[in-house]
Amino acid sequence: MERPSSHEVRAELDRVKHGKMYRSTLKSTIYVLVTVAAFAILVATLWMPVLEVYGGSMEPTLQEGNLVAAVKSGDFKTGDVIAFYYNNKILVKRVIAGPGDWVDITKDGTVTVNGQQLEEPYVDELAYGDTNIDLPYQVPDGRWFVMGDHRSVSVDSRNKSIGPVAAEQVVGKLVYTIWPLSQLGSVN
């Protein structure tokens, strides 16, 4: 049996050395990817959940199938779009009024809060919609009066079945549309 040359020995040592480096790099890469994935899941669960929009009650602002990012917050103002739990579903609506505010809606769909008519550029067509509450309506403490942008089809705080949204129902404020990419941007 012939002994390997020094060149062959060096080549074999280089091959073994590169194999160990490859395995070490692969382990490090997998470790980093798992750590990043765990962090992303933690952030998505605790701070910024990603939600899918169902139904057409928020058109034209949001369409069915949009994926949106929400920020967990309890500080809302008129015009913010929020997601909240209702009957084991997550609904998306726009904040119209806060605790203690008075809401009135005319038969043509014009909304006033505390006697001031709302400017609603996000609504294509005003509608009275499915309203069965007594108007004017005072929003109870710790609750928000919400409505969908597509007023003729939205079932929202105008209806006793949903009513004003309690703080403990709120998932968060929608801040960013992430899918489809053609609609990527902030939620207004």
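The values are calculated or read from the model by the stated rules, or taken from the named source; none is laboratory data. Note that the structure is predicted; figures quoted are calculated from it, not measured. Glycine gets a Cβ as well: all are built from the backbone with ideal geometry, and neighbour counts include every protein chain shown.
Summary of computed values
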read-out	value
Selected residue (criterion: surrounded by the fewest Cβ atoms within 10 Å (Cβ to Cβ)) from residues of the stretch 149-188 that are in a loop (DSSP other than H, G, I, E, B) and acidic (Asp, Glu)	Asp149
Index of the failed condition, Tyr31 passing every other in (1) surrounded by 14 or more Cβ atoms within 10 Å (Cβ to Cβ); (2) among the aromatic types (Phe, Trp, Tyr); (3) over 24 Å from Ser186 (Cα atoms)	(1)
Single residue of the stretch 6-47 satisfying the filter (under 22 Å from Ile82 (Cβ atoms) and among the β-branched types (Val, Ile, Thr)) that is modelled with the lowest pLDDT	Thr45
Met1, sole failed condition from (1) over 37 Å from the mean Cα position of the chain (by Cα); (2) part of a helix (DSSP H, G or I)	(2)
Qualifying residue in the stretch 98-105 (condition: of a type outside the set (Val, Ile, Thr), surrounded by 12 or more Cβ atoms within 10 Å (Cβ to Cβ), within 24 Å of the chain's Cα centre (by Cα) and more than 21 Å from Val155 (Cβ to Cβ))	yes
Tabulated pairs, the stretch 95-110, first assigned by TED's automatic domain parsing to the domain that holds Gly172, second acidic (Asp, Glu) and surrounded by 14 or more Cβ atoms within 10 Å (Cβ to Cβ), C-beta under 7 angstrom, 6+ apart or interchain	Val95/Asp80
Test: residue in the stretch 121-139 that is among the aliphatic types (A, V, I, L, M), crowded, with 17+ Cβ neighbours inside 10 Å and assigned to a strand (DSSP E or B)	no
Strands (runs of 3 or more DSSP E) within the stretch 48-114 that include 2 or more residues out of contact with any His (no Cβ under 6 Å at 6 or more places or on another chain), within 20 Å of Ala127 (Cα to Cα) and modelled with pLDDT of 90 or more	89-97, 102-105, 111-113
